[in-house]
Each structure stands twice: as C-alpha cells, then as structure tokens.
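A quick write-up on the structure given underneath.
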Amino acid sequence: MSPTVSPGELDERAGVDPVARGLWHPLVAVHDLRRGQQGSAVLLGVRLDYTMAGDGSVSVCRSDDHDDRRPVQIAYEIVWTCLDEPATPLFETPEALETDRRIVHAGTIGVHVSAPRAVENFLDMAHFPYVHTDILGAEPFTEVEEYSVHVDPDTNEVWATDCVFWQPVAATTSTEGQMTDYRYRVPHPYCVVLYKTTPVDPDRFDVIALFCRPIAPDRIEAHMFLALLDADNSDADIRRFQLTIFGQDKPILENQFPKELPLDPRVETPIRADKVAIAYRRWLSDLGITHGVIPAA
Amino acid sequence: MTIELYDYVLSANCYKVRLLLSLLEVDHELRTVDFHPAREHRSEAFRRINPMGHIPVLVDDDVVLRDAHAILVYLAAAHDPTGRWYPTTDARVLGEMGQWVSFAEALMSSASAARLHVNLGYDLDVEAARRDAHALFRVLDDHLWFQEKAGRTWLCSPEHPTIADIAVFPDVVLSEEGGVSRLEYPAIRRWCDRVKAVPGFDVMPGVFGLGMS
C-alpha cells in the first residue's frame, strides 16, 4: 500500500524550488516496503519509483527515467531521498538512537495542506485546549506563557525553548494532568521535532516528530515518528494516541487559507504566542524556500 | 461481561459503533486494531476473530458480530430500553431504516473511498468516487429538505433519530477529508448539526462537536 496521487493532482508549480530540491525528504516508511516489490510516490511534483531488493537494500529512481537513480538513506524508520545532489546532510536526532527508547513510526497520512502550514501548526500551543480538548489541553488553562526563540548559529535550526503548557493527558503513559515542558526544533523546512516532558522520567524528554513529504505546494504526506520512554503501551496504543491527535488537527489544517504559508509579515497578524511561527517564517525566507509558501514581495 | 469493540480510531465504520455506544450510554472496552500502518486487520490472528479481515467487530458475551450496520441493529435491539433507535413495530419505519442503511453502504464505496485514497493512499479512481459521492449527497440533501418541509428532523419518519442517522452520519461528516465538499448541501449541513446536538453525541478525530463548527 503505497500512498499515491492521481495524475490530475500533480502540480506544475512543484519541483522548481532549487533549495527544496537539494534537501533530503521522507519518501516512504520502511514498514510499507516489501522485499522484491516496487512502489511509487510523488516528491515536489516528481514521481519516483522505489524498490526494496531481496537483500533489503532500497533504491529510488525517477519514474520517467529509471537511469536517474536518486540518493537513498534510511533514518527514523523512513526512506529519505533527494531530487538533486544533497546540499546538506540529513539532520540528526541523538535521542532516536538511544537503545532504551520505543521507536515507533505512527503512520503516514495524506493531508491537503502545504508542508510549512503543517509544521507551523505543530509549533503552535495555543490550539491545544480547543482542538485537542481534554488531551493536550483544556479550558480554562488556555494561556500560552512567554517562551524563548532562537536560531542556533552552528546548526541553523530554529528552536523554541522554555515552553510550558498544562495538559490533561500528555502521553500514553500519563495517569494525571501535568505541566508539560516543551522544546521545539525545526531542523528542516518541512520537518519539526518536539521534545516534551515524559511522565516516567523527570530528566529526559519524549521525542515526537513530524516529517512532511511535499507532494505539491498544497499537498503533503505526513510521517509521524516517535522515540518514547514508554515500556508499557503497545505500538497499537501509541499509534492510536498519535493518530487521534493528528486526526484532530487534520480538518483545521485543510481549512487554512491560503493553503500555502505567506512569508510576508504583513499578510497574517501574529500574536505574542506565535513568536516561534514568526521566526520560522523569517527563517524560511532567509533560506530562500519557495515551495509551499507565498514568498514575501 | 463488558462489551468489547475491535476498533480503529480513524475508521468511519468504527465511529458508527462508538457513537451509538455513547448515545446508549453502554459501558464498553476498546480493543485497538493497528489498521494503519500495521494492517493488523489482515493478520492471521485477527482473521480468527473476523475471517473477513475487517473492522469493527463487537463482542458481547457470546455474541460476536462483524459489520458496523449489523452491530448497530444488534446494539439498538439489545441495549436500548426505549426501543427508539431501532423501532421494529412499524413496517414503514423498518423499510426506511433498511433503505438508509443501504445508502450508507453506497457511501462506503464513494465518499469513504475518496477519504481512504487521500489519507492512506488507497489505489482507486478518486474522481469517480467523488462524483458518486456528490450524486448521493444530492439525493440525501433533497430528502432532508423535503423532510424539513414535512416537519421532520431525521432520515426516517419517527420524530427521533434512528440507527439510519448513525449509519449515514460518519461518512457524510468526514467527506471533506476526501475532497468532497458539503458547501452545496445546506439541508445536509443542518442535519449534521442536529445529529451533533443529540444528548450523548461523541466526536472522533476529524469530527468536532457543535462548539467548534
């Protein structure tokens, strides 16, 4: 079962962003591959074929030119590839390699939204009580307290730190409501990693990531990757929790207008709680990303 | 013994059963089936529970039932002391309920198929599925409009909702995930709001209560 797009949904505006073409992108979850079978998926408007050989190795090439083989690496339970030669290595997340964590790919879901809109929604705490009612938030605890934002000068990643939010059910391991500490990291224009307090260990953080494959400027496939401190719950229960959250976000994402993220700061009016979104939009502008955004004039 | 429901949180068919369980205030336990991505419903272990390899499946003591619509009939007959959700004494109402449950089946191969294509990449002709869904929505909207003109609120004749409303509601209310807009169907939108206002109504991911719509 390889998620696909109908030919009519391919968008000619896709595939022309040189910055996006030089990035590693998530193509397909490893658990969706079968040895000896071929699948296909669209990345930035370009259809790619992928094959897992009998020995488990994976290859990727353009569907319209099988001699044009694309680079491949496996990370975060996902096959990653790049349309051009990779300009930068894929970001690393050391926690994903810790052996005592539960590593779960929670699912791949198609969403009719741009990748930057999906990333920005993931960065937003203000919607928790209203969209994830009685799970990630609850009225009247709706205030987003002051937090810090910076771009790491060494890695050029956007960070939001010192975020706190009261959550009734922060994770599958929760037994009661808690003040949850959050740190957000944007290491890639279409990928976002969240570090949040785990109910089981005060000194470590659960890692929850959203990796988007940009299909068209207004269409993605979202991969949800988890590296959790949770010895008790089944994969099915962990996925249920994560897909519940994502399923609640989906209609909100799909009803945003315009679908593409406007980078001109005058187009949408931010509030104080949107500090990280403002930094993210400015960072996208500085990177020169054009796919999935409406560039500032 | 507590009722068990083999369930997947994003399944519209499972939501039909969860919704009726909530409306009837019936205690139950959910057994999560890892439908996506693990395809657990196709596993050998799950086929021992349902040889058809699909969800939902309801277990109530020695009764094991597959098929959401069969489960709705059973739950209403077995666990609704008011007898309102599945009234069996009026031939006309029985026929109407059967008709709308069949309509719900047709939604599964149109509106629901389009949603599975968009969300989970099911390989099918999504334009045909959307066309079929719109044709069904036109029929549904017309029917609900005439019902309203006749002073009726629900799909069938009684002045209260029945399992027909529960069978049809999920694939209608989730249709926009499959790219099937309800903008052109005002009577459908009013009916969706009426379903959401029924005491005991329950949401699922992608379906908000009245406060959010």
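The values are calculated or read from the model by the stated rules, or taken from the named source; none is laboratory data. This is a predicted model, so every value here is computed, not measured. Here the Cβ is made from the backbone with ideal geometry for all residues, glycine too, and neighbour counts use every protein chain on show. These accessible areas exclude ligands, DNA and RNA; they are computed on the full protein's heavy atoms, side chains included. Shrake-Rupley method; radii C 1.70, N 1.55, O 1.52, S 1.80 Å.
Details
- Residue check, B:ASP141 under 26 Å from B:VAL9 (Cβ atoms) and either assigned to a helix (DSSP H, G or I) or touching a residue at least 40 places away in the same chain (Cβ under 8 Å) (or both): no
- Those residues of segment B:144-164 which are touching a helix residue (DSSP H, G or I) at 6+ places or on another chain (Cβ under 6 Å) and part of a helix (DSSP H, G or I), in sequence order: B:LEU144, B:TRP145, B:ILE163, B:ALA164
- Within segment A:151-182, if we keep just the residues that are aliphatic (A, V, I, L, M) and open to solvent by 40 Å² or more (accessible area, probe 1.4 Å), the residue that is nearest to A:ARG272 (Cα to Cα) turns out to be A:VAL151.
- Test set (1) of a type outside the set (Gly, Ala, Ser); (2) within 14 Å of chain B (Cβ to nearest Cβ); (3) closer than 29 Å to A:VAL19 by Cβ; (4) open to solvent by less than 20 Å² (accessible area, probe 1.4 Å) - A:PRO262 fails condition number: (2)
- Taken as a whole, segment B:117-130 holds no residue that is away from chain A (no Cβ under 14 Å), at pLDDT 95 or above and part of a helix (DSSP H, G or I).
- Among the numbered conditions (1) within 30 Å of A:ILE220 (Cβ to Cβ); (2) more than 14 Å from chain A (Cβ to nearest Cβ); (3) part of a helix (DSSP H, G or I), the only one that B:ALA113 does not meet is (2).
- The set of residues in segment A:30-39 that are open to solvent by 20 Å² or more (accessible area, probe 1.4 Å) and either assigned by TED's automatic domain parsing to the domain that holds A:ILE103 or at negative phi (or both) comprises A:VAL30, A:HIS31, A:ASP32, A:ARG34, A:ARG35, A:GLN37, A:GLN38.
- You will find that of B:ARG18, B:ARG31, the residue that is over 26 Å from B:PRO199 (Cβ atoms) and basic (Lys, Arg) is B:ARG31 and no other.
- Selected residue (criterion: nearest to A:ILE245 (Cα to Cα)) from residues of segment A:124-133 that are away from every other protein chain (no Cβ under 11 Å) and part of a helix (DSSP H, G or I): A:PHE128
- Residues satisfying the stated conditions in segment A:183-195, i.e. part of a strand (DSSP E or B) and either out of contact with any Ser or Thr (no Cβ under 7 Å at 6 or more places or on another chain) or open to solvent by 10 Å² or more (accessible area, probe 1.4 Å) (or both): A:ARG183, A:TYR184, A:ARG185, A:VAL186, A:PRO187, A:HIS188, A:CYS191, A:VAL192, A:LEU194, A:TYR195
- Flag for B:ALA111 being open to solvent by 20 Å² or more (accessible area, probe 1.4 Å) and assigned by TED's automatic domain parsing to the domain that holds B:ILE166: no
- Taken together, the residues in segment A:102-123 that are in a loop (DSSP other than H, G, I, E, B) and either small (Gly, Ala, Ser) or open to solvent by less than 20 Å² (accessible area, probe 1.4 Å) (or both) amount to 3.
- Candidate set from segment B:165-183 (those that are open to solvent by 10 Å² or more (accessible area, probe 1.4 Å) and in a loop (DSSP other than H, G, I, E, B)); member that is nearest to the other protein chains (Cβ to nearest Cβ): B:GLY179
- Pick from segment A:257-282, criterion in a loop (DSSP other than H, G, I, E, B) and at pLDDT below 90, ranking: farthest from A:ALA118 (Cα to Cα): A:ARG266
- Residue ID - farthest from A:LEU210 (Cα to Cα), chosen from residues in segment A:236-252 that are of a type in the set (A, V, I, L, M) and within 8 Å of chain B (Cβ to nearest Cβ): A:ALA236
- Any chance A:GLU146 is in a loop (DSSP other than H, G, I, E, B) and either within 14 Å of the chain's Cα centre (by Cα) or more than 14 Å from chain B (Cβ to nearest Cβ) (or both): yes
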